[in-house]
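Comments concern the structure below.
The values are calculated or read from the model by the stated rules, or taken from the named source; none is laboratory data. Computed from a predicted structure; not experimentally measured. Here the Cβ positions follow ideal geometry from the backbone for every residue, glycine too, while neighbour counts run over all protein chains shown.
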Amino acid sequence: MGTKRERKEKDGRKFYISDLHLFHGRLLDPTDAMLKGTMKVRNQFGDLDEMHELIRKNWNNTVSEIDMVYVLGDLGLYNADKIARFMNGLNGRKILIMGNHDGKNIKNERLRACFEDVRYYDIIKDVNKDGDNVHVVLYHYPIEQWEGFYRGYYHIHGHTHGDSTLSKIGKRYEACVEVTNYTPRTLVELEKGEIK
């Protein structure tokens, strides 16, 4: 079974990312009226392959096989088999916190098998920038006052795609790819806000 320290080292680091929207070509179209006001258009990419390659490269250069990545929803819209193949090519162990675009896809057995678990909401423990063990509430949507809010719990969410109108609340951090530069990030990185 190993000592507590050995188990911790074996568990690796924890990372967070959300709103990959894999194989969602409409995100690249600045003329798509459906996206106006709801999502940032990803027109920095020439095509989906370029976006996918950046995500794959950043992820695999950051995450080791023993690390845990919490994907905070919205893997993609449709294309469950393609998304499964893509996710299988990414390092680390993965847990999906369901987003509003995941309900249909996660019924696909190959996609579900990419994750150690699939949840709608979770509270986990992580280490903050001061080296303290802290509780972290994981949910796809931003919460104004989450469980443990008054006890110092943190909250990491997705869904908002870097929406600058979202109220700023201490200990609440967004993990959308537009904010994390298409790279899974640790709690410490999100806290420090030094993402490039």
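For the condition within 21 Å of Leu22 (Cβ to Cβ) and touching a helix residue (DSSP H, G or I) at 6+ places or on another chain (Cβ under 8 Å), Asn88 does not qualify.
Cβ-Cβ contacts under 8 Å between residues 6 or more apart (or on different chains), taken from a first residue in the stretch 118-146 that is more than 22 Å from Leu166 (Cβ to Cβ) to a second residue that is of a type in the set (A, V, I, L, M) and part of a loop (DSSP other than H, G, I, E, B), are listed as Val118/Met98; Arg119/Met98. Meeting the requirement of 1 or more residues that are basic (Lys, Arg) and within 13 Å of Tyr70 (Cβ to Cβ), the strands (runs of 3 or more DSSP E) wholly within the stretch 91-196 are 93-97, 117-119, 121-127. The one condition from (1) more than 18 Å from the chain's Cα centre (by Cα); (2) more than 23 Å from Asp49 (Cα to Cα); (3) surrounded by fewer than 16 Cβ atoms within 10 Å (Cβ to Cβ) that Phe149 does not meet is (3). Filtered by the rule that a residue be acidic (Asp, Glu) and surrounded by fewer than 19 Cβ atoms within 10 Å (Cβ to Cβ), the stretch 97-146 gives Glu109, Glu116, Asp117, Asp122, Asp130, Asp132, Glu144. If you go through the stretch 72-90 and keep only what is in a helix (DSSP H, G or I) and either modelled with pLDDT under 95 or more than 10 Å from Cys114 (Cα to Cα) (or both), you end up with Ala80, Asp81, Lys82. Considering the stretch 178-196, the residues that are touching a residue at least 60 places away in the same chain (Cβ under 8 Å) and touching a Ser or Thr at 6+ places or on another chain (Cβ under 7 Å) include one that is surrounded by the fewest Cβ atoms within 10 Å (Cβ to Cβ), namely Thr183. Exactly one residue among Val134, Val118 is among the aliphatic types (A, V, I, L, M), at pLDDT 95 or above and within 20 Å of Val188 (Cβ to Cβ), and that residue is Val134.
The listed residues are Leu90, Leu54, Leu77, Leu138, and the only one of them that is in contact with a Leu (Cβ under 8 Å, 6 or more places away or on another chain) and not basic (Lys, Arg) turns out to be Leu138.
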